[in-house]
Amino acid sequence: MSQVHDPAVLHHDMLIKIKTSAKEQKPKTCLSCGTTENIKNRRYCSVKCRQHLRQKLNTRSGLLQALNTRYATFYFTDRVIILDVVPHGIREIFRYTALRTEKSNPAEDFGRLSNMLGGAWWAEEKRTAKSYLASRRVLEMAERCAISEGLTRPRLHRAPTVKPENLILLDIPRADLTSHDLGRIIRNAYRRQVKIHHPDVGGKAATFRKIHAAYKEMLLWADHPTFIRRRGFPDKWYYDGENKKWVQPVILKK
């Protein structure tokens with residue numbers, strides 16, 4: 001949990017009360033940064049972008065632990081970022097909503113929100129020398145909503161254990177992994193990439209080697225698919241209080 005030493009910045013101006021939902025997010029945008037560039041049928045503009053947001057979320061999870069969080073979600077629109085928290089033993093959502101900062105990505109905006117809330121926690125803990133009062137102070141800064149407004153704990157979903165970078169290299173939508181014709185989909189995707197990235201047509205050898213390796217791995221997975229079971233939302237990052245880590249949005253089987 002980041003400690004902010006300047007009490008002057010610990011105010012409520014950053015937090016706003018606004019009715020919003022994940023539905024406001026435009027379709028076909030990166031679930032990590034919101035860009036529409038380089039998306040096509042993908043969920044993220046790049047693996048690096050997804051990893052950057054996950055890292056930012058996980059490194060700021062100390063505040064959620066201090067709030068005794070059972071589960072939480074993080075999502076955003078073009079205008080705002082939203083952090084919903086459900087503490088253990090309380091059947092309410094504690095919602096923190098802040099305006100997006102111009103020319104900043106959601107990870108940076110989340111960092112600023114976390115710093116502000118973490119600073120409020122530390123200031124109260126220093127004043128009272130009691131951590132439970134510091135946590136109560138931060139919870140008082142939130143907008144309280146009913147669980148029915150969108151944060152019932154998600155069910156367990158079955159997620160394929162494929163490398164996201166392989167899907168990106170072959171330009172295969174994750175939704176296609178449940179297709180009965182996956183082998184053909186993989187081969188067709190590989191042929192398309194060969195026409196673009198093979199060295200004989202001007203492509204880079206290093207990139208083509210990655211594509212070929214991804215193709216081989218995907219064929220092996222299609223023959224013997226494996227899955228893991230985890231909780232999550234299709235359009236929100238989900239914080240699992242039991243494992244103390246964030247989970248990226250899941251693909252729901254249609």
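The values are calculated or read from the model by the stated rules, or taken from the named source; none is laboratory data. What you see is a predicted model; the values in this text were computed from it and never measured. As a convention, Cβ positions derive from the backbone with ideal geometry for all residues, glycine included, and neighbour counts pool all protein chains shown.
Inside the stretch 95-135, can you point out the residues that are under 17 Å from Trp246 (Cβ atoms) and not in a loop (DSSP other than H, G, I, E, B)? Lay out the reasoning, then the answer.
From the stretch 95-135, those under 17 Å from Trp246 (Cβ atoms) are 96, 105-111, 113-114, 117-118; that's our starting set.
Tyr96, Pro106, Ala107, Glu108, Asp109, Phe110, Gly111, Leu113, Ser114, Leu117, Gly118 - these are the residues of the stretch 95-135 that are under 17 Å from Trp246 (Cβ atoms) and not in a loop (DSSP other than H, G, I, E, B).
Based on this model, can you work out whether Val138 counts as at negative phi, assigned to a loop (DSSP other than H, G, I, E, B) and surrounded by 19 or more Cβ atoms within 10 Å (Cβ to Cβ)?
Values: at negative phi: yes; assigned to a loop (DSSP other than H, G, I, E, B): no; surrounded by 19 or more Cβ atoms within 10 Å (Cβ to Cβ): yes.
Against the criterion (at negative phi, assigned to a loop (DSSP other than H, G, I, E, B) and surrounded by 19 or more Cβ atoms within 10 Å (Cβ to Cβ)), Val138 does not qualify.
Taken over the stretch 202-234, the criterion of being surrounded by 15 or more Cβ atoms within 10 Å (Cβ to Cβ), modelled with pLDDT under 90 and of a type outside the set (A, V, I, L, M, F, W, C) is satisfied by Arg230, Arg231, Gly232.
All of (1) closer than 25 Å to Cys45 by Cα; (2) in contact (Cβ under 8 Å) with a residue 60 or more places away in the chain; (3) out of contact with any strand residue (DSSP E or B) (no Cβ under 9 Å at 6 or more places or on another chain) hold for Asn115 with one exception: (1). When Leu57, Leu53, Leu63 are checked against the criterion of being under 11 Å from Pro106 (Cα atoms), modelled with pLDDT of 90 or more and assigned to a helix (DSSP H, G or I), Leu57 stands alone in meeting it.
Here Arg42 meets each of (1) at pLDDT 85 or above; (2) among the charged types (D, E, K, R); (3) surrounded by 12 or more Cβ atoms within 10 Å (Cβ to Cβ) with one exception, condition (1).
Quick check: is even one residue across the stretch 143-156 assigned to a helix (DSSP H, G or I), out of contact with any strand residue (DSSP E or B) (no Cβ under 7 Å at 6 or more places or on another chain) and either in the same structural domain as Ala66 (by TED's automatic domain parsing) or at pLDDT below 95 (or both)? If you could, list the steps in order and put the result at the bottom.
Step one: of the stretch 143-156, the residues assigned to a helix (DSSP H, G or I) are 147-149.
Cutting the leftovers down to out of contact with any strand residue (DSSP E or B) (no Cβ under 7 Å at 6 or more places or on another chain) gives us 148.
Now drop any that are not either in the same structural domain as Ala66 (by TED's automatic domain parsing) or at pLDDT below 95 (or both), which leaves 148.
The answer is yes; a qualifying residue exists.
Applying the set (1) assigned by TED's automatic domain parsing to the domain that holds Asp240; (2) surrounded by fewer than 17 Cβ atoms within 10 Å (Cβ to Cβ); (3) farther than 22 Å from Tyr239 by Cβ to Thr178 leaves exactly one unmet item: (1). Would you mind stating whether Gln3 is surrounded by fewer than 19 Cβ atoms within 10 Å (Cβ to Cβ), at pLDDT 80 or above and either over 18 Å from the mean Cα position of the chain (by Cα) or outside any loop (DSSP other than H, G, I, E, B) (or both)? Against the criterion (surrounded by fewer than 19 Cβ atoms within 10 Å (Cβ to Cβ), at pLDDT 80 or above and either over 18 Å from the mean Cα position of the chain (by Cα) or outside any loop (DSSP other than H, G, I, E, B) (or both)), Gln3 does not qualify. One residue alone among Ser104, Ser135, Ser148 is in contact (Cβ under 8 Å) with a residue 24 or more places away in the chain and either among the hydroxyl-bearing types (Ser, Thr, Tyr) or touching a Cys at 6+ places or on another chain (Cβ under 6 Å) (or both), and that residue is Ser135. A search for C-beta distances below 7 Å between a residue of the stretch 207-229 that is under 18 Å from Ile196 (Cα atoms) and any residue that is not in a helix (DSSP H, G or I), counting only pairs 6+ apart in sequence or on different chains, returns Phe208/His198.
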